[in-house]
Amino acid sequence: MRIGIDLGGTKIEIIALSEGGQTLARRRVATPQGDYAATLAAVGGLVAAVEGELGRRGTVGVGMPGALSKASGLVKNANSTCLIGRPLLADLQQQLGRDVRVANDANCFALSEAVDGAAAGAGVVFGVIIGTGVGGGIVVHGRVLDGANAIAGEWGHNPLPLPSGADLPLPACYCGRAGCVETYLSGPGLARDHAQASGAALTPEAIVAAAAAGDTPCEASLQRYEARLARALAGVINLLDPDVIVLGGGLSNLGRLYERVPGLWQPHVFSDRVLTRLVKAAHGDSSGVRGAAWLWPA
């Protein structure tokens, strides 16, 4: 039995999977905001509850919003700030009394979709989360690519390619840089861009709905979004040349992306033909927690 835990900023979710990937149990609790010790205790409580319910012990994988530093073993780059600088892996292993595997949540998303999701069977998969933030993960032949600095797939904090016109001035990013992909392609980035262009403060959902109803400024905002997504993904294709790019997160539900973006990325890809497929995640919001469970091979 494999147990996966999604250690999110607002919720902690656990899933138990059979060897064949069937869901055996699933629970979630609210994340203790800003309380590291309580977060560890919550994870321990969830594991104990699920194992007690099923009457067996499982391997444990954890997806988190950040990475473990290769230099110190401490958490870095986490938007759940109470985790930063903490020995999360060591503390979880002590809490649970067993070896634990920890990975970035976007890597877990990509792994889930590569194992038995929308990219099942593909050799190289790039998983993209476009929601409140923007993240990326890379899976090669069923294994997460971590990287020498534990930042493989950190696509959201690369600069948007070829900024000009409406892309300028470069928006500031919370990471301290300006013009990051996340500032344009996250949900808040779409809302910011629309407000800057039209003067109307709308949510991403409202922009999408209004565009579908024929609103010209909202349609223009979505077209800018699609062009930016295409340019940004073209850079990934030129560097990684993945078989499949899988989209997850709230904005992945925008069906027109899968029809329009592949046509828009062609001029920016260094190839006569682009065979990379752009697909929507099969497991939706469950991909992260499922991928954490799949961190342990059979």
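Taken together, the values in this text are just the output of simple stated rules run on the coordinates, not laboratory data. This structure is a prediction, so every number in the text was calculated from the model and none was measured. Reconstructed Cβ throughout: ideal geometry from the backbone, glycine too, with neighbour counts over all protein chains shown.
Using alpha-carbon positions, what is the distance between the centroids of segment 118-177 and segment 1-47, in Å?
That distance is 25 Å.
Please give the charge dipole size of segment 69-196, origin at the Cα centre, charges +1 on K and R Cβ atoms and -1 on D and E Cβ atoms. Round to the nearest 20 debye.
Dipole about the Cα centre, nearest 20: 320 debye.
Could you give the size of the charge dipole of the chain about its Cα centre, using +1 on the Cβ of each K and R and -1 on the Cβ of each D and E, expressed in debye and rounded to the nearest 20?
Value, rounded to 20: 360 debye.
Work out the length of the dipole vector of segment 121-281 about its Cα centre, built from +1 on the beta-carbon of each Lys and Arg and -1 on the beta-carbon of each Asp and Glu, and round it to the nearest 20 debye.
80
Which net charge results when you count Lys and Arg as +1 and Asp and Glu as -1 among the other residues whose beta-carbon is under 11 Å from that of residue 15?
Counting the neighbours of residue 15, the net charge comes to +3.
If we count every other residue with Cβ under 15 angstrom of residue 283's Cβ, Lys/Arg +1 and Asp/Glu -1, where does the sum land?
With Lys, Arg at +1 and Asp, Glu at -1, the neighbours total -2.
Cross-link candidates for residue 280: which aspartates and glutamates have Cα within less than 12 Å, leaving aside residues fewer than 8 places away along the same chain?
Once the sequence-local aspartates and glutamates are set aside, what remains near residue 280 is 113, 259.
Given the options 152, 162, 128, identify the residue whose Cα lies farthest towards the positive end of the charge dipole of the chain (+1 on Cβ of Lys, Arg; -1 on Cβ of Asp, Glu).
Farthest towards the positive pole: 152.
Mind checking which of 5, 270, 59 is farthest towards the positive end of the chain's charge dipole, using Cβ charges of +1 (Lys, Arg) and -1 (Asp, Glu) about the Cα centre?
59
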